[in-house]
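Have a look at the structure below, then the notes.
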Amino acid sequence: MSGGWTCSHQIGNICDLLNRVCEPGTKGCTLYGKALFSDPTTPSNEAIERRERMRNKIEMEELIKKARSGI
């Protein structure tokens, strides 16, 4: 069964950008940090989760700052 998308950098099973076997979502892949994959161990998922944690931390710090200043 083939997937519903193709990558312009994939030639056969080789990534033309990384010059190795294509592993969608690995560091260096154009999808890294931009797409969630069904495999929870995909590095792209970890990057997205890190970015989300950082965003939440910043939002929480801003809320605390506003609460302390009485806004």
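The values are calculated or read from the model by the stated rules, or taken from the named source; none is laboratory data. Everything quoted here is computed from the prediction, not taken from an experiment. Neighbour counts run over all protein chains shown; Cβ positions are idealised from the backbone, glycine included.
If you check THR26, THR6, THR41, which single one turns out to be among the β-branched types (Val, Ile, Thr) and surrounded by 11 or more Cβ atoms within 10 Å (Cβ to Cβ)? Walk me through it before giving the result.
Values: THR6 fails: surrounded by 11 or more Cβ atoms within 10 Å (Cβ to Cβ); THR41 fails: surrounded by 11 or more Cβ atoms within 10 Å (Cβ to Cβ).
Within the list THR26, THR6, THR41, the selection yields THR26.
A search for C-beta distances below 6 Å between a residue of region 28-57 that is hydrophobic (A, V, I, L, M, F, W, C) and any residue that is part of a helix (DSSP H, G or I) and at pLDDT below 90, counting only pairs 6+ apart in sequence or on different chains, returns nothing.
Yes or no, residue by residue, for (1) in a loop (DSSP other than H, G, I, E, B); (2) of a type in the set (A, V, I, L, M, F, W, C):
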position	(1), (2)
SER8	yes, no
LEU18	yes, yes
GLY25	yes, no
THR30	yes, no
SER44	no, no
GLU49	no, no
LYS65	no, no
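Within region 44-60, the set of residues being surrounded by 12 or more Cβ atoms within 10 Å (Cβ to Cβ) and of a type outside the set (A, V, I, L, M, F, W, C) comprises SER44, ASN45, GLU46, GLU49.
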